[in-house]
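The values are calculated or read from the model by the stated rules, or taken from the named source; none is laboratory data. If you're wondering where the values come from, they're calculated on a predicted model, not measured in any experiment. Using ideal geometry, Cβ is built from the backbone for each residue, glycine included, and neighbour counts are taken over all protein chains shown. In case anyone asks, the SASA skips ligands and DNA or RNA and just uses the protein heavy atoms, side chains included. Shrake-Rupley method; radii C 1.70, N 1.55, O 1.52, S 1.80 Å.
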Amino acid sequence: MINFDEEIEKFQPSPEIEQAEDLINNNDLTDITDLIKMILKDKDSNSF
Amino acid sequence: MVCPNCQSNVSDKRNRCERCGHDLTIYKKIYRVSNLYYNIGLEKAKVRDLSGAITALRKSLELNKRNTNARNLLGLIYFEIGDTVAALTEWVISRHFKPDENDADKYINAVQDNPTRLDALNQAIKRYNNALTFARQGSEDLAIIQLKRVLQLNPHFIRAYQLLALLYIKMGETEKAKKCLLKASRIDVSNTTTLKYMKELEQQPALVREGASVSAGDSSTVMPVSTYKEEKPNVMAFVNLIVGVIIGLAVTVILIVPSIKRKNVAGNNQDYVDYNAGLAALEEKDAAIAKLQEENSDLQQKINELQAELDSIEIPEENPNLYDTLFQASSLYMDELSKRERDRDYTQIAQILRTTDTSQYESEEAMQLINRLKQEIFPLVSEEHYEKGYKLYSEYKYEEALDELFLAYDYDPTNVDAIYFIARTYHRLEDYESARTYYEIVINNFPDSRRYQNAVSYLSRLPE
């Protein structure tokens, strides 16, 4: 049985077009490649 | 591929960057897996499994954020499910990573080149957010109104369909909820929320059908094996049929036929009433027509009378020269007034005034003017003619004297001298009757004049 209150809480407001710029700027674009690069960089720095 | 370390282009066949010497083996594997997820996402998108496609494409981008194809496709899918801002975000980021020869340019321009459409999409988002607020506050009716408008503005807004379906479910309107969910499922066939709500709606009818389906399953799946057997004729069935027909006929005769008859009678009565009402209305119309015709004949008679009266009226013809003689006389009079008194001659003016026909004068002012002129001029002219007449009388020119004296009398009937010498002239001419007439005028009308005594004296001398 669906619980309306629980279900309604799952719906989130949709971002409006005026907020698009903020969304683009605050988007976390870190991918696996970035993480590996960081790991390898840390590894290299620790080896010295 | 692009070396993640120095951003230079490297051949796909090489495992190490030629420029910075960075080992690319692991990156190549990651990129390959990212492309694999992109392909999965593309396959899912083609069969409208958009939720599955989004999941695959996000994984693809988590592995390689520069996978432009995956990002562009993700933007397209977001746009398809009504998530406009998310779509634009993905395309803008895609263009950031690949500024040239990127399909994202085409998508962004397509949206931005139609401001009306973009505004409608934004309005849809705003209204969806309002509807969500109303729904959380318990104002389901307002939320539904807003959501219906949202779906008019953007018919692909899946979350609006889902929220609307949830509200309908809460209000017990399952059919409407089903319709919303079906529309949502046509856009995205595997959306978890849509499927969950549909399953919820299908649970109750499934429970109701459960018992029937089980029993039907038992009877339909397990068929008894029987041998061929000739059926015997069933006499009872035939008898039952006959009995049924007889009962049916009896019911028809007892119940239905009287009802039909009553209906017919009622119909006839109604027709009779309608007929009578129609007759009454017809008679009323006839009476009204007769009355109108009578009024029409009366009015026509009045018209004829008025026309005859109108024809009998003689409208005097308008004579534009009617007052010309008056103007001429006035003008001459003013001319004479400008002369010295002894040089003035009113004879011509008097003739004009005497011969002027004033019977057609309508202007009271004109009549006043001509009368005033007559009062001023006629006594003077009368005196002139009297002087001439008296002179002719003295010269024994009695006929000519009479002409002048009568003119004097005509211009001024109170000129007693002129009357007296008319009498005297007739006396000299031995026209005693005429002389008597004028002597008597002097005696009767002017008893106080100086001519009175002479008139009495000469009258007494006239032969009888």
- Note on the structure: In cubic angstrom per residue, the convex hull of the stretch B:312-420 built on its Cα atoms measures 131 Å³
- Item | Residue-averaged [θ]222 nm for chain B, counting only DSSP H segments that reach four residues, each worth -39500 (n - 2.57) | -25500 deg cm²/dmol
- Message: Which residues among the stretch B:50-85 fall inside the zone where the amide N is under 13 Å from a point 7 Å beyond the Cα of A:Ile17, along Cα→Cβ?
- Response: B:84-85
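Hey, got the dipole for chain B? About the Cα centre, +1 on K and R Cβ, -1 on D and E Cβ, debye to the nearest 20?
On the way: 58 positive and 68 negative charges, 1813 e Å.
The dipole magnitude comes to about 8700 debye.
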- Query: Does any residue of the stretch A:1-19 lose at least 50 Å² of accessible area with all protein chains in place compared with its chain alone, and if so which ones (probe 1.4 Å)?
  - Reply: A:Ile2, A:Phe4, A:Glu7, A:Ile8, A:Phe11, A:Ser14, A:Glu16, A:Ile17
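In chain B, how does Rg compare with the Kirkwood Rh, expressed as the Rg/Rh ratio over alpha carbon atoms? Mind dumping the intermediate values first?
Numbers: Rg = 65.8 Å, Rh = 38.9 Å.
Expressed as Rg/Rh, it is 1.69.
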- Query: Between the stretch B:414-464 and the stretch B:61-125, how many Å separate their Cα centres?
  - Reply: 140 Å
- Quick one: divide the alpha-carbon radius of gyration of the stretch B:257-309 by 2.2 N^0.38 Å and tell me what you get. 2.29
- Surpassing 30 Å at the alpha-carbon level, of the pairs B:Lys126/B:Lys183; B:Lys13/B:Lys98; B:Lys65/B:Lys199; A:Lys43/B:Lys29; B:Lys44/B:Lys179; B:Lys98/B:Lys196, are B:Lys65/B:Lys199; B:Lys98/B:Lys196
- Message: Counting pairwise Cα distances across the stretch B:61-134, what percent come out greater than 20 angstrom?
- Response: 34 percent
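For B:Leu255 and B:Lys391 in the same chain, what is the full-extension length gain: residue separation times 0.36 nm, less their Cα-Cα distance, in nm?
Going from the current span to full extension adds 35.0 nm.
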- Item | Spherically averaged projected area of the protein assembly as shown from its Cα convex hull (nm²) | 84.6 nm²
- How high is the FRET efficiency from B:Asp448 to B:Ala308, r the C-beta distance, R0 56 Å, rounded to 0.05? 0.45
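Translational D (Stokes-Einstein, µm²/s) of the stretch B:1-133 at 37 °C and 0.692 mPa s when Rh comes from the Kirkwood sum over C-alpha pairs? Walk me through the numbers on the way to the answer.
Values: Rh = 16.3 Å.
For the chosen part, D equals 201 µm²/s.
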- Partner shielding of A:20-31, taken as the mean number of other chain Cβ atoms within 10 Å, equals 4
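Only loop residues by DSSP count here, and only those with at most 16 other Cβ atoms within 10 Å; note down the chymotrypsin sites (Phe, Trp or Tyr not before Pro) in the stretch B:226-306 that meet that. All intermediate terms of the calculation are to be shown ahead of the outcome.
Details: sites: B:Tyr228, B:Phe238, B:Tyr272, B:Tyr275; in loops: B:Tyr228.
Within the stretch B:226-306, the qualifying chymotrypsin sites (Phe, Trp or Tyr not before Pro) (loop, at most 16 other Cβ atoms within 10 Å) are B:Tyr228.
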- Sorted by average packing, counted as other Cβ atoms within 10 angstrom per residue and highest first, what order do B:109-121, B:88-100, B:61-73 take? B:61-73, B:88-100, B:109-121
- Query: Do any GluC sites (Glu not before Pro) in the stretch B:296-367 lie in a DSSP loop with no more than 16 other beta carbon atoms within 10 Å, and if so, which?
  - Reply: B:Glu314, B:Glu317, B:Glu318, B:Glu362
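Using the crude model of +1 on Lys and Arg Cβ and -1 on Asp and Glu Cβ, and no other charge, please compute the dipole size for chain A relative to its Cα centre, in debye to 20.
Values: 4 positive and 13 negative charges, 106 e Å.
About 500 debye.
Out of the total accessible area of the protein assembly as shown (probe 1.4 Å, heavy atoms of protein only), what percent is carbon and sulfur?
On the way: 17840 of 33740 Å².
C and S atoms contribute 53 percent here.
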- Those residues of the stretch B:73-95 for which accessible area with every protein chain present is at least 10 Å² below the isolated value (1.4 Å probe): B:Asp83, B:Val85, B:Leu88, B:Thr89, B:Val92, B:Ile93
